[in-house]
1. Considering only region 22-44, state which residues are within 17 Å of the chain's Cα centre (by Cα), surrounded by 11 or more Cβ atoms within 10 Å (Cβ to Cβ) and of a type outside the set (Val, Ile, Thr).
2. Just to verify a result, which residue in region 36-61, among those that are among the charged types (D, E, K, R) and over 18 Å from Leu26 (Cα atoms), is modelled with the highest pLDDT?
Amino acid sequence: MAEAIQLLVATVFLRSCVFVFLTFYLTVAAVAIGWRWTALFTGGIAWMVFTRYRQWGVAHSFVGRGVLS
């Protein structure tokens, strides 16, 4: 459990710009179109992207490798 928490903290720290953008996007979208539509739209986009990501087999090529290796 401690390893999972350490990995989560490291992920947020190393990719802080992604989490800042995500927070900004979710806040602005929720104000503009509401939480329900924001969740539906974001979930739909994530589903489309990750479905294609899996179909292309890209996920398997990065398993066990560092980002810069």
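The values are calculated or read from the model by the stated rules, or taken from the named source; none is laboratory data. All figures in this text were calculated on a predicted structure; none of them were measured in a lab. Glycine also receives a Cβ, built like all others from the backbone with ideal geometry; neighbour counts cover every protein chain displayed.
1. Across region 22-44, the qualifying residues are Leu22, Tyr25, Leu26, Ala29, Ala39, Leu40, Phe41.
2. Only one residue fits best here, namely Arg52.
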